[in-house]
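This report concerns only the one structure given below.
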Amino acid sequence: MAGRPRRRARLAEAGELVPVERERHGDGCACRRCSGWESANQAAVRHGSYASPARLSSDERTQELADGIRRAMPVYTAADEPAVQMLAITMRRVERATEAIEAADAMAGDHPIAEYLADTAPKLLALRDDLRGWLRLSARLAGDLGMTPMARARLSLDLVRTEDALAGLMDEGRRIRLERDGSGG
């Protein structure tokens, strides 16, 4: 270690930073470390599940999901829009994560243990955990928007109670009107 040069810039005797030359490889080395990345490289392209909400909300597929959510809702008002957008973004994350996991499963082929032994296993495990969380969040948001059987049942009960209360108020109004018309006439 003592004879091995450091990779960072060194301070020259005058106190100026001087970049360390490529010490590990010779001139003409074409590795990424020596030559750098080409423009439009695809090395850092990921599955996109962790894309920012702003980027996902402008995604065409996310907007398609939001349109479908609005159509599927039993009742929609403009006040529901933030929850609709959150559900669409979460559903898009679920789609992207599922695609990435399915691709990893396909690469493992007939050896399902391979995906757990690979260098990317911790990232894949984290993605699976996040996928479970996104599925739970999607279910909760869908329920909040009245899109699950239980939520629709609650809405129906509330509507029945409201109708019963309105019917009671109408009967009370008729009774009061009759009493007023009968005693004043």
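The values are calculated or read from the model by the stated rules, or taken from the named source; none is laboratory data. Only a predicted model underlies this, so the values are computations on that prediction, with no experimental measurement involved. Note that we place each Cβ from the backbone using ideal geometry, even for glycine, and neighbour counts take in every protein chain shown.
Screening Asp144, Asp80, Asp130 for residues that are surrounded by 17 or more Cβ atoms within 10 Å (Cβ to Cβ), among the acidic types (Asp, Glu) and either in contact with a His (Cβ under 8 Å, 6 or more places away or on another chain) or at pLDDT 90 or above (or both) leaves exactly one candidate, Asp80. Residues considered: Ala2, Ala44, Ala14. Of these, the only one that is closer than 28 Å to Gly133 by Cβ, small (Gly, Ala, Ser), assigned to a loop (DSSP other than H, G, I, E, B) and modelled with pLDDT under 75 is Ala44.
Checked against the criterion of being under 18 Å from the mean Cα position of the chain (by Cα), modelled with pLDDT of 75 or more, farther than 25 Å from Leu131 by Cβ and of a type outside the set (Lys, Arg), the stretch 53-63 contains not a single residue that satisfies it. When Leu155 is tested against the conditions (1) at pLDDT 85 or above; (2) closer than 30 Å to Thr90 by Cβ, the lone failure is (1). Could you check, for the stretch 100-123, whether at least one of its residues is out of contact with any Ser or Thr (no Cβ under 7 Å at 6 or more places or on another chain) and either under 25 Å from Arg71 (Cα atoms) or at pLDDT 90 or above (or both)? No, every residue in the stretch 100-123 fails to be out of contact with any Ser or Thr (no Cβ under 7 Å at 6 or more places or on another chain) and either under 25 Å from Arg71 (Cα atoms) or at pLDDT 90 or above (or both). Here the condition is being touching a helix residue (DSSP H, G or I) at 6+ places or on another chain (Cβ under 8 Å), in contact (Cβ under 8 Å) with a residue 60 or more places away in the chain and part of a helix (DSSP H, G or I); of Ile69, Ile89, Ile101, it holds for Ile69 alone.
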